[in-house]
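As structure tokens, the structure follows; a few thoughts come after it.
Every read-out reported here was derived from the displayed coordinates using simple, explicitly stated rules and does not represent laboratory data. Just so you know, these numbers come straight off a predicted model, no measurement behind them. All Cβ positions, glycine included, derive from the backbone under ideal geometry; neighbour counts span all protein chains shown.
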Amino acid sequence: MSDLPRHIGIIMDGNGRWAKKRGAPRTVGHQQGLEAAKRVIQRASELNVQCVSLFAFSTENWKRAADEVGFLMSLIATHLRAELDFYRKNGIRVIHLGDISALPQNIAREITDIVAETSAYSRMTVALAINYGGQDEIIRAIRKVPADSISTLTAEAFGAFLDAPDLPPVDLVIRTSGERRLSNFMLWQTAYAEFYFSDELWPDWDGEKFDLALNYYKSRDRRFGGIK
Ligand code: FPP
């Protein structure tokens with residue numbers, strides 16, 4: 001497919017509502033949301049998309065009920081352990097975005113392990129945003145800038161202090177479930193991103209819906225502040 005976005009960021013929204021519609025607990029929505037994430041990663045991998053970033057747990061999600069937070073953490077940890085083979089077979093490098101220091105030890109370990117075990121793969125990168133907030137990432141990056149280079153700092157040089165400096169800028173943001181906001185997701189990297197909003201709830205997503213988002217992206221005229 002031509003005109004493919006190099007980097008796609010996905011805000012996977014609507015898991016709770018999907019479950020509620022079925023009279024099921026919210027956790028069932030998250031479980032099905034994980035299945036949708038796998039379908040979409042699979043499709044992105046078939047199409048040779050360079051990078052997909054998934055917003056799995058935000059710095060604000062700690063406000064949810066302890067049960068739900070605990071469930072999400074163990075769902076993510078179990079997924080990372082169980083799907084290592086999937087990532088390996090597809091040549092996918094997994095990286096982490098966010099503050100790993102504030103995550104429970106067991107999930108931090110699963111993240112460190114999968115990142116290390118897939119670090120040599122280069123067909124595609126899946127960036128998992130877990131305990132991630134765009135403002136938090138920028139603040140953590142600012143703290144890493146040497147004091148004597150602040151006055152000459154350029155945007156390009158600053159980018160090197162972000163969580164994943166080698167990723168290309170986000171070309172396309174997808175958000176599901178009818179919400180139309182960025183919710184603190186990759187604030188720096190989405191400066192010139194296109195946005196695709198879908199009314200479908202995330203657990204209903206699959207490769208076909210992903211293709212529709214890519215068709216929309218193809219139709220956009222990207223000018224990056226210039227004139228064509
Ligand atoms: C938003 O729906 C979804 C989340 C906060 C969690 C997303 C996590 C996953 C899909 C699992 C992890 C995925 C990977 C790839 C490791 P919501 O709960 O806010 O839904 P609602 O707005 O309908 O309540």
statement: Taking Cα pairs closer than 8 Å and at least 6 residues apart, the relative contact order of the chain in percent is 29 percent
query: Using the scaling law 2.2 N^0.38 Å as the reference, what is the normalised Cα Rg of region 6-83?
result: 1.16
task: Once you have a ≥ b ≥ c as the square roots of the Cα gyration tensor eigenvalues for region 180-228, tell me rounded if a/c is under 1.5, and otherwise prolate or oblate according to whether a/b is larger than b/c.
output: oblate
task: Rank these for me by crowding, H79, H7, going from fewest to most other beta carbons within 10 Å.
output: H79, H7
query: So what is the relative contact order for region 53-187, in percent, with contacts set as C-alpha pairs under 8 Å and at least six apart?
result: 30 percent
- line: Expressed in angstrom and rounded, the centroid-to-centroid distance over alpha carbons for region 15-85 and region 191-209 is 15 Å
message: If amide hydrogens are placed 1.01 Å from N in the peptide plane, which non-local residues have theirs closer than 5 Å to the one on L97?
response: L128, A129, I130
task: Please sort by residue number the chymotrypsin sites (Phe, Trp or Tyr not before Pro) in region 97-159 whose DSSP state is loop and whose Cβ has at most 12 other Cβ atoms within 10 Å.
output: none
Most mobile listed residue (A24, A37, A65) in the chain, GNM with C-alpha springs under 10 Å: A65
- request: Would you calculate a helix-derived [θ] at 222 nm for the chain, using -39,500 (n - 2.57) for each DSSP H run of n ≥ 4 and dividing by the full residue count, to the nearest 500?
  value: -12500 deg cm²/dmol
message: If I take all pairs of Cα atoms in region 41-176, what percentage of them are more than 19 Å from each other?
response: 55 percent
field: Average Cα contact separation per residue, region 117-216, under 8 Å, 6 or more apart, as relative contact order %
entry: 26 percent
query: How many lysine pairs does the chain hold where the Cα atoms are under 17 Å apart and the two sit 8 or more places apart or on different chains?
result: 4
message: Along each principal axis of its Cα atoms, how long is the chain end to end? Whole angstroms, biggest number first, please.
response: 55, 44, 34
task: Show me 81-88, 146-153, 190-197 ranked by packing, highest mean number of other Cβ atoms within 10 Å first.
output: 190-197, 81-88, 146-153
